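Undergrad: Structure incoming, see below.
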């Protein structure tokens, strides 16, 4: 009887022959996945750095852009290091480039020990040119100038703006005359978007007045009270016409207003109230503010009233 040939060790030979392609597949699955994860971190760092620089510039204090970019890049990378640079920066746009080197675990068997990864982010900013205000209110350019002195807002002390004819405030009287109103029957309220307590507009647009000294009917107490303690963007008008429900306001620009209190009558008063009796008023102050939401558009030609819109563009 013929003995079966001894084939011990054949598996080892096959495994040896297949080791290179096996490690190649490991390189593809493990190292490429690790590269993808690290590049996502690099991208997050680039986005964060560009947004932070843009927000600083929007507030009028660009500072050290390179240091800001590196700090955000480092804080968003978990287990490696990267180098962040600012290859381009203008008065309205900044680009951050974030570069890192990924050391591979399995790819060296294929002759690739590491890969250089890059990510970039471009952010633009400018003054608001249109959008949806969370309160259907409009302030006069005169009121803005009276509180800010005509310059970029810098104060944090709340003032009171009266919305009724009973205004005893000299500042308001300077802006409206003895009647206390810019237009008869107009108190600063504007017509809301259908079914909301918000008002959408653009620079140069004409807003129609919601007459009377009560809040618009589509606004609930909760909608108003939810804005207390917040900074909101509101339209500033420089021209007006008509009276009552036919009154109009022309939008000049948008300013950031920190709302601290109000008295609108009925259940629409804060405690404490910034005014009393039949007076209707709102308290707060104009301030510098950077908005990163999608509620407003931006441009470089609008008036500088202290507000800026920031957008990640690439």
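The values are calculated or read from the model by the stated rules, or taken from the named source; none is laboratory data. Keep in mind that what you see is a predicted model, and the values were worked out from it rather than measured. All Cβ positions, glycine included, derive from the backbone under ideal geometry; neighbour counts span all protein chains shown.
Undergrad: Taking the criterion of being modelled with pLDDT of 90 or more and closer than 30 Å to residue 207 by Cβ, would at least one residue in the stretch 49-56 satisfy it?
TA: Applying the first criterion (modelled with pLDDT of 90 or more) to the stretch 49-56 yields 49-56.
Subsequent filtering for residues that are closer than 30 Å to residue 207 by Cβ retains 54-55.
Yes, that holds for at least one residue.
Undergrad: I'd like to know if the stretch 228-237 contains one or more residues that are over 25 Å from the mean Cα position of the chain (by Cα) and under 19 Å from residue 209 (Cβ atoms).
TA: No, that holds for no residue.
Undergrad: Here's something else I'd like to know. Hey, any hits in the stretch 223-231 for a residue that's at pLDDT 85 or above, part of a helix (DSSP H, G or I) and assigned by TED's automatic domain parsing to the domain that holds residue 142? Reasoning before the result, please.
TA: First pass over the stretch 223-231, keeping only residues at pLDDT 85 or above: 225-231.
Subsequent filtering for residues that are part of a helix (DSSP H, G or I) retains 225.
Checking the rest, the ones that are also assigned by TED's automatic domain parsing to the domain that holds residue 142 come to 225.
The answer is yes, given that some residue of the stretch 223-231 is at pLDDT 85 or above, part of a helix (DSSP H, G or I) and assigned by TED's automatic domain parsing to the domain that holds residue 142.
Undergrad: Which condition does residue 260 not pass, out of (1) surrounded by fewer than 20 Cβ atoms within 10 Å (Cβ to Cβ); (2) in a loop (DSSP other than H, G, I, E, B), if it passes all the others?
TA: Result: residue 260 passes all but (2).
Undergrad: What are the pairs with Cβ atoms under 6 angstrom where one residue, in the stretch 262-279, is over 21 Å from residue 230 (Cα atoms) and the other, located anywhere, is modelled with pLDDT of 85 or more? Sequence gap at least six, or different chains.
TA: Short answer, once both residue conditions are applied: none.
Undergrad: Residue by residue through the stretch 90-116, note down the ones that are modelled with pLDDT of 95 or more and more than 24 Å from residue 294 (Cα to Cα).
TA: Listed by number, the residues that qualify are 97, 98, 99.
Undergrad: Separate question: Given the criteria closer than 30 Å to residue 112 by Cβ, part of a helix (DSSP H, G or I) and assigned by TED's automatic domain parsing to the domain that holds residue 112, does residue 54 qualify?
TA: no
Undergrad: Return the residues of the stretch 172-196 that are modelled with pLDDT of 80 or more and either more than 18 Å from residue 242 (Cα to Cα) or out of contact with any strand residue (DSSP E or B) (no Cβ under 9 Å at 6 or more places or on another chain) (or both); say none if nothing qualifies.
TA: Within the stretch 172-196, 192, 193, 194, 195, 196 qualify.
Undergrad: Another one. If you go through the stretch 57-79 one residue at a time, how many are touching a residue at least 12 places away in the same chain (Cβ under 8 Å), in a helix (DSSP H, G or I) and surrounded by fewer than 20 Cβ atoms within 10 Å (Cβ to Cβ)?
TA: Adding up the residues that qualify gives 4.
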